[in-house]
Structures are given as structure tokens and as C-alpha cells.
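Engineer: Below you'll find the structure I mean.
The values are calculated or read from the model by the stated rules, or taken from the named source; none is laboratory data. Here the structure is a predicted model, which means the values were calculated and not measured. Note that we place each Cβ from the backbone using ideal geometry, even for glycine, and neighbour counts take in every protein chain shown. These area figures cover heavy atoms from the full protein model, side chains too; ligands, DNA and RNA do not enter into them. Shrake-Rupley method; radii C 1.70, N 1.55, O 1.52, S 1.80 Å.
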Amino acid sequence: MSVARAKMLLVEDDAALAELLIWHFKREDFEVAHTVDGEEALLLAQENAPDIVLLDWMVESLSGIEVCRRLRRMNGTANVPIIMLTARGEEEDRVRGLETGADDYVTKPFSPRELVARVGAVLRRVRPALAGETLSFADVEMDTVGHKVRRGGQVVPLGPTEFRLLKHFLEHPGWVFSRERLLDSVWGQDSDIELRTVDVHIRRLRKAINADGKYQDIIRTVRSAGYALDTDGVA
């Protein structure tokens, strides 16, 4: 997943854990501001409202619960998603955190990869524009939120079916898909579309993304097997 430069405020006083989380989230293209202090966290949030807050329960000067409560009262952060990080795993504590305004609650120890996934899930739920994937292969880029495709920097006009077909290929580069598999994945299992319809849309997709021969064909036909997205495409 590539998040569109989402701004994160990390409030965590465990230096080793903070360093680990900053590394993981910067790798996912987050812009991360970090503090160990609750009061400073409120100032940072006022100066530059984050898109999501990771908030440890036990931090300096103010508790995470109090920081959460105040963030919910501030105009600029009232709707910013907050995930609480804590070693307190009792149900009463989890309920208290959620009732204070947290959107999710993660108990230590936890997997950083799982936390990245949880953050992505929260952003998709509350701010879908920030969680949209940008898919790419070779010189083709797809903005799944803006519903735009570019090749070599130029916009490629695609119909809705060709867009879904290309999205499926971009999600699985190099995989060979039979016509039956493409029907199930792109049109749906309940579809009564004929198999040859897949060939028609593949031709339309090829024509659009190859700009009538301007670019290399990246849709490979695999005899008796189906189609794949790779740089050895054969018309």
C-alpha cells in the first residue's frame, strides 16, 4: 500500500519503539512528526494538523487519554483519527480509550507491520482519499482514487471495464490469467458475459495504453493460457 503523503503525529516516549515506527511509516511514505510529550503533541497538532495520530497512553506531562480528549475538543483535530498504543490490555482500559475518542486501540507488544495495516484501514474508513493506492508498472501509473491512468506522463483515457481490467493486471504483474479467471475477477462470478468479450476488452485496453503503437505492448498473450502484464508483450 502507498499512502498519498499522509501526515502522522507519533506521541511515544519509548525511544527504540518510536525509531522503529518512524522507519516503518516513512517507508510507507508517511510524513512523521514525533514527540515524547503530551503538551508538545497538542502544540504540534495545532500548528500542523495531522491526518492520523498514534498516541501512547503513558507519555510525559499529559496522559495519552487527556491528549486524546483535548484533540477531540480542538477544531482542527476534532475529526482526526487517533490510535492508542498501550501496554494496558484490560477491557476496561480499552473501553475508556475508545470512549474518550480513540478510533482504534493497539496493545503492546505488537507487530509494526500489523500497525501499518491498521493505520491504513482507519484512513480508508475515515479519509479514503489519503489511502488510495497508486499502482504502477513500467511507465504506466494508475491513481485508483482519482480514477486516472498515465503512461509516460500522458493521460490515457479508459472506459470503466478497461480501467478495472488494467487495475487487476497492475495488482498482479507477471501473472498469467485465463479468460475465465479474468471474467471472475473483473466482471464477477455471476456474470453471464461470454469469454470472447474478454478478448474484445483486451484489444481496447491494448489500443489505449499503447497509443496505437506509440508505446511498447505490455499485455502479453500466452497461447492457450490467457494474458499477462509484462514487458515481453506480444500483440
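Engineer: Report relative contact order for the chain in percent, whole number only (criteria: Cα-Cα under 8 Å, sequence separation at least 6). Before the final figure, lay out the partial values.
Structural biologist: Numbers: 380 pairs, mean separation 30.5, N = 235.
Reported relative contact order: 13 percent.
Engineer: Let me ask something else. Can you work out ³J(HN,Hα) from phi for every residue in the stretch 62-75, in order, using Karplus 6.51 cos²θ - 1.76 cosθ + 1.60 and θ = phi - 60°, giving whole Hz and x for Gly and Pro?
Structural biologist: Karplus-based 3J(HN,Hα) across the stretch 62-75 equals 9, 6, x, 4, 5, 4, 4, 4, 6, 4, 5, 8, 7, 4 Hz.
Engineer: A further question on this structure: Work out, step by step, the length gained on full extension between Leu195 and Asp230: first 0.36 nm times the residue separation, then minus their alpha carbon distance; give nm to one decimal.
Structural biologist: 10.4 nm
Engineer: Could you tell me which label, among [x] 1.30; [y] 1.25; [z] 0.94, carries the value of Cα Rg over 2.2 N^0.38 Å calculated for this structure?
Structural biologist: Computing Cα Rg over 2.2 N^0.38 Å and matching it to [x] 1.30; [y] 1.25; [z] 0.94 gives [x].
Engineer: Over what distance in Å are the Cα centres of the stretch 1-48 and the stretch 136-158 separated?
Structural biologist: 30 Å
Engineer: On the protein heavy atoms, probe 1.4 angstrom, tell me the percent of accessible surface of the chain carried by carbon and sulfur. Kindly include the intermediate steps, with their values, before the conclusion.
Structural biologist: Numbers: 5770 of 12400 Å².
Of the solvent-accessible surface of the chain, carbon and sulfur hold 47 percent.
Engineer: Shifting gears a bit: Starting from 0.36 nm per residue, how many nanometres of slack lie between Val176 and Ala117 once their C-alpha separation is accounted for?
Structural biologist: Using 0.36 nm per residue and subtracting the Cα-Cα distance, I get 18.5 nm.
Engineer: DSSP loop (so not H, G, I, E, B), at most 11 other Cβ within 10 Å: list which GluC sites (Glu not before Pro) in the stretch 135-235 pass both filters. Let's see the in-between values first.
Structural biologist: Working: sites: Glu141, Glu162, Glu171, Glu180, Glu194; in loops: Glu194.
For GluC sites (Glu not before Pro) across the stretch 135-235 that sit outside H, G, I, E and B with at most 11 neighbouring Cβ atoms in 10 Å, the list reads Glu194.
Engineer: In nm, to one decimal, how far is the Glu19 label point from the Ser61 one, both placed 7 Å along Cα→Cβ?
Structural biologist: 2.4 nm
Engineer: Out of all DSSP beta bridges in the chain, what portion is antiparallel? Express it as a percent rounded to 5.
Structural biologist: Antiparallel bridges make up about 45 percent of those DSSP assigns within the chain.
Engineer: Scan the stretch 144-232 for trypsin sites (Lys or Arg not before Pro) in coil per DSSP, keeping those whose Cβ has at most 15 other Cβ atoms within 10 Å, and list them by number.
Structural biologist: Values: sites: Lys148, Arg150, Arg151, Arg164, Lys167, Arg179, Arg181, Arg196, Arg203, Arg204, Arg206, Lys207, Lys214, Arg220, Arg223; in loops: Lys214, Arg223.
Within the stretch 144-232, the qualifying trypsin sites (Lys or Arg not before Pro) (loop, at most 15 other Cβ atoms within 10 Å) are Lys214, Arg223.
Engineer: Now for a different question. Please give the calculated 222 nm ellipticity per residue for the chain, where each DSSP H segment of at least 4 residues contributes -39500 (n - 2.57) and the sum is spread over every residue; nearest 500 deg cm²/dmol? Can you show the working numbers first?
Structural biologist: Numbers: 8 runs with 89 residues, N = 235.
Rounded to the nearest 500, the figure is -11500 deg cm²/dmol.
Engineer: A further question follows. Quickly work out the Asp212-to-Asn48 label distance, labels modelled 7 Å from Cα along the C-beta direction, and quote it in nm with one decimal.
Structural biologist: 4.7 nm
Engineer: Figure the gain on full extension for Arg164 and Arg69 (residue separation times 0.36 nm, minus the Cα-Cα span) and round it to one decimal in nm.
Structural biologist: Values: separation 95, 0.36 × 95 = 34.20 nm, distance 4.23 nm.
The Arg164-Arg69 span can extend by a further 30.0 nm.
Engineer: If I ignore ligands, DNA and RNA and count only protein heavy atoms, how much of His34 is accessible to a 1.4 Å probe, in Å² to the nearest 10?
Structural biologist: So the heavy atoms of His34 present about 70 Å² to solvent.
Engineer: Which of rounded, prolate, oblate describes the stretch 7-126, given a ≥ b ≥ c as roots of the alpha-carbon gyration tensor eigenvalues and a/c under 1.5 marking rounded, otherwise prolate only if a/b is larger than b/c?
Structural biologist: The shape class here is rounded.
Engineer: So how strong a dipole does the chain carry about its Cα centre when Lys and Arg Cβ are +1 and Asp and Glu Cβ are -1, to the nearest 20 debye?
Structural biologist: Working: 32 positive and 39 negative charges, 255 e Å.
Result for the chain is approximately 1220 debye, rounded to the nearest 20.
Engineer: Using alpha-carbon pairs under 8 Å, 6+ residues apart, how would you state the relative contact order of the stretch 134-229 in percent?
Structural biologist: The normalised contact order for the stretch 134-229 reaches 26 percent.
Engineer: Enter the accessible area per residue of the stretch 134-229 (Å², integer; probe 1.4 Å; all protein chains in place). Can you show the working numbers first?
Structural biologist: Details: 5420 Å² over 96 residues.
About 56 Å² of surface per residue is accessible.
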